[in-house]
Amino acid sequence: MSGALAGVSCLVTGASGFLGHRIVQMLLEEEEDLGELRAMDKTLSRQLLQTCDRFQDKIPVKLLEGDIRDTDVLHRSCRGVDLVIHTAAIIDTNGRISPETLMSINLNGTQQLLESCVQNNVGFFIYTSSMEVVGPNTTGDPIVDGHEDLVYDSKLGFCYGESKRQAEGAVLRANGRKLHNGGSLVTCSLRPTYIFGEGSQFLQLHLDQALQNGGVFHRISKKEALANPVYVGNVAWAHVLAARATRDPEAATRISGNFYYICDDTPHMSYSDLNHVLGRELGLGVEARLPLPFPLLYFLASIMEMLSLLLRPIFRFVPPMTRHLLILLNTTFTFSYKKAQRDMGYKPRYTWEEARRLTSTWMAAVLPQRKEELRKK
């Protein structure tokens, strides 16, 4: 279906990010008749510049550097655009980022971008959300093969998930808003599960920790706590398919105002066992069990959070583990992509074996450099 976005001007925010860069790359590779691609981020990475440079003679590419909270930057970026894919966000798993900063970027930035779309007659808006807008909740209630109609008592206990939940709500409420030219804005939201693949900052962190631990990944999740990992290439592909759906009136009506869980056929396994499966060909092992029983870890995390709160006036202490992160890593939380398959024709572009091989190959390539950098510390 190459050429489905022929003549379309598309803006991708967060274009230097792990997922955003992959979306840019896939659009340039798959949509040879794309009218224009605008890649925006606060800082333009070397990898993004190299990717865009390869296609500069085939597709008009405009690189935009600016903050998602800067309304002037947003208006300039949206002027003349048909479609926005909004991946820009700040991710926080342990409270390192202040709630004010998270809300300012993830929520307020999204709201300002929506306003720029309305004022500049941008017809379509695809939002990159997260499964964390659902949970796991503070009591660790599991979900098995969840779907979009599932009722779940989210009880979110962490600011990142809450910031994404509110931003997604703003996006879906904006569906149908009147544009200045008399048209209407069409919005939808994609909720990926845990994304792995080449360039993952979390995977690189776990790799560094394994190297410091004698070549053994720390056990951070119980074996029976099944997660639903998804390969970054498949998440990028889902965004391309959602973008293509906007060009088909029937498909655009189906996705209008809806959200979709995005996962693939990666076997359900714990986060720790995923690290091991991806790294075992490199000779990396994984610890057999959690370092302490889960209730004791939860108690220690509570103490560290309390200490962080008490020290805040004089010293910023970021707990290495929080109650939220413990629950996130140790709660079975899996979903189905059937609705995305039905409404936008989504099927994983990469098989599990391809995703595993590509990720492991990347890990093998960065391993010597990581060893050397850790040795120098």
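Rank-order 187-195, 51-59, 250-258 by packing density, defined as the average count of other C-beta atoms within 10 Å over each peptide's residues, highest first.
Going by the mean number of other Cβ atoms within 10 Å, highest first, we get 187-195, 250-258, 51-59.
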About the Cα centre of the chain, how large is the charge dipole given +1 on each Lys and Arg Cβ and -1 on each Asp and Glu Cβ? Please answer in debye to the nearest 20. 660 debye
Given segment 38-179 reduced to its alpha-carbon atoms as identical point scatterers, what log10 I(q)/I(0) does the Debye formula return at q = 0.14, 0.15 Å⁻¹? -0.76, -0.85
Taking the convex hull of the Cα atoms, report for segment 321-362 its projected area averaged over all directions, in nm². 5.0 nm²
Mind jotting down the distance between the C-alpha centroids of segment 151-226 and segment 65-112, whole Å? 15 Å
Rounded if a/c is under 1.5, else prolate if a/b is larger than b/c, else oblate: which is segment 265-377, with a ≥ b ≥ c the root eigenvalues of its Cα gyration tensor? oblate
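In the calculated pair distance distribution of segment 131-288, what percentage of Cα-Cα distances lie above 28 Å? Intermediate results must be reported in sequence, preceding the final value.
Numbers: 4144 of 12403 pairs.
Result: 33 percent of Cα pairs exceed 28 Å.
Can you give me the span-like helices of the chain, meaning DSSP H runs with 24 Å or more of Cα extent along the axis and Kyte-Doolittle mean at or above 0.5? List each step's numbers first, then the result.
Values: long enough: 294-311 (25 Å, 1.91); 352-376 (35 Å, -1.04).
Helices meeting the span and hydropathy rule in the chain are 294-311.
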For segment 2-56, with only Lys/Arg (+1) and Asp/Glu (-1) charged at the beta-carbon, what is the dipole magnitude about the Cα centre, in debye rounded to 20? 340 debye
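Which value at 222 nm does the chain reach when only helices count, each DSSP H run of 4 or more adding -39,500 (n - 2.57), with the total divided by all residues and rounded to the nearest 500 deg cm²/dmol?
Working: 14 runs with 160 residues, N = 377.
The per-residue figure over the chain is -13000 deg cm²/dmol.
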With a 10 Å radius around each residue's Cβ, average the other Cβ atoms per peptide and rank 361-367, 85-91, highest first. 85-91, 361-367
Just how far, in whole angstrom, is segment 253-267 from segment 26-45 if you go by their alpha carbon centroids? 22 Å
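Rounded to the nearest whole Å³, what is the per residue volume of the convex hull around the Cα atoms of segment 146-196?
Numbers: hull volume 6.4 nm³, N = 51.
Each residue corresponds to 125 Å³ of Cα convex hull volume.
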With a ≥ b ≥ c taken as the square roots of the eigenvalues of the C-alpha gyration tensor of segment 218-317, please select rounded if a/c is under 1.5 and otherwise prolate if a/b is larger than b/c or oblate if it is not? oblate
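May I ask you to order 21-27, 114-120 by the average number of other C-beta atoms within 10 Å around their residues, highest value first?
Values: 21-27: 23.3, 114-120: 19.7.
Highest-to-lowest ranking by the protection proxy: 21-27, 114-120.
Checking the a/c ratio against 1.5 first, then a/b against b/c, what shape does the Cα gyration tensor give for segment 215-269? All intermediate terms of the calculation are to be shown ahead of the outcome.
Values: a/c = 4.50, a/b = 2.81, b/c = 1.61.
Taking the square roots of the gyration eigenvalues as a ≥ b ≥ c, segment 215-269 is prolate.
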What is the sum of charges around residue 265, taking Lys and Arg as +1, Asp and Glu as -1, for the other residues whose C-beta is under 14 Å from the C-beta of residue 265? 0
Treat every Asp and Glu Cβ in segment 252-377 as -1 and every Lys and Arg Cβ as +1, leave all other atoms uncharged, and give the resulting dipole magnitude about the Cα centre to the nearest 20 debye. 280 debye
proj_area_mean for segment 1-115 (convex hull on C-alpha atoms), units nm², value 7.3 nm²
What span do the alpha-carbon atoms of the chain cover on each of the three principal axes, reported in whole Å from largest to smallest? 60, 42, 41
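Quick note: the coordinates plus some simple rules give every number you see, no bench work behind them. Model, not experiment: these values are computed from the prediction. Every residue, glycine among them, receives a Cβ derived from its backbone with ideal geometry; neighbour counts consider all protein chains shown.
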